[in-house]
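To keep things clear, I will list the structure first and then write my remarks on it.
Rule-based calculations on the coordinates, nothing more; no lab input. Note that this is a predicted model, so its numbers are computed, not measured. Heads up, the Cβs are rebuilt from the backbone with ideal geometry, glycines too, and the neighbour counts pull from every protein chain shown.
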Amino acid sequence: MTRTTRSAGRRDRRRFLQRVLGAAGALLVSGCNQLTKTDWFPKVLGVADQASEAAAKLVATRRSMAQEFTVADLSPSFRSNGTSDPENPEYRALAAGGFAEYRLEVGGLVAKPASFSLAELRALPSRTQITRHDCVEGWSAIARWKGTKLAALLDAVGVQREARYVVFHCADPMGDDGADPYYESIDLDDARHPQTILAWEMNDAPLPVANGAPIRLRVERQLGYKHAKYVMRIELVQSFAHIAGGKGGYWEDQGYQWFAGI
Ligand SMILES: Nc1nc2c(c(=O)[nH]1)N[C@H]1C(S)=C(S)[C@@H](COP(=O)(O)O)O[C@H]1N2
Ligand SMILES: [Mo]
């Protein structure tokens, strides 16, 4: 990506934020600009300031699309962060078999609990998008993702009326004793957003293990840690209070914000 597109994108986002947040927002946005010149600051507004979540919701920015890029913008390499090869014997056996035996379980508050092979997931409506991944650790990278629209998967199983969140249970054990698997959650607005996909392809090749094979979430208006890799099971819930530390995600349980977007 060129410097010009970069700053143009930044200007566009700034203008957009100023438009939707009004005068108070303009102050907030220009203040943030002075504090940080990084590309990902608009997403970080949600993390840095609880008030921006309310503001964003008020003006319905949650329906907006994340910026998409062109093949010319693709990063020469896309690093792996967090787990790069889950230390989980069941997962390793699936990987050794090329994920032929993999099945994504979908349950909880759904009309028809079901499990899906990779072929079945590929047969559902899919989307391809070139987007920028922004990690709170301060790096970004652009890749092309293809995957099943999460909305289509939800329609296939039928979401019950009481359901409010989608929880993603992952294969990788976390923590010193490896007792807590990685997990994440998003609300149904984000789950049904057109750019929210369960990606099985990255840069026109099968998703590598380092980046979450066979399936990883792309939830483009949220920061990197929300993009669960190695997704094994999806659960529709009314609350995530009963899951692990009760904060809706592995990093949230360690103190990160649950809402990591605009
Ligand atoms: N299952 C699982 N998902 C995960 C992580 C992880 O360690 N385990 N790390 C998260 C973080 S912090 C980031 S930035 C991205 C990294 O994705 P990448 O490895 O494709 O760069 O995955 C997110 N999803
Ligand atoms: Mo991250």
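Quick notes
- Difference of contour (0.36 nm per residue) and Cα-Cα distance, E105 to L188: 28.1 nm
- In this rough spin-label picture, where each label sits 7 Å from Cα along the Cβ direction, the S140-A152 distance is 2.9 nm.
- Protection proxy ranking of 103-109, 176-182 - average other beta-carbon atoms within 10 Å, highest first: 103-109, 176-182
- The calculated FRET efficiency for S84 paired with E201, based on their beta-carbon distance and R0 = 25 Å, is about 0.85.
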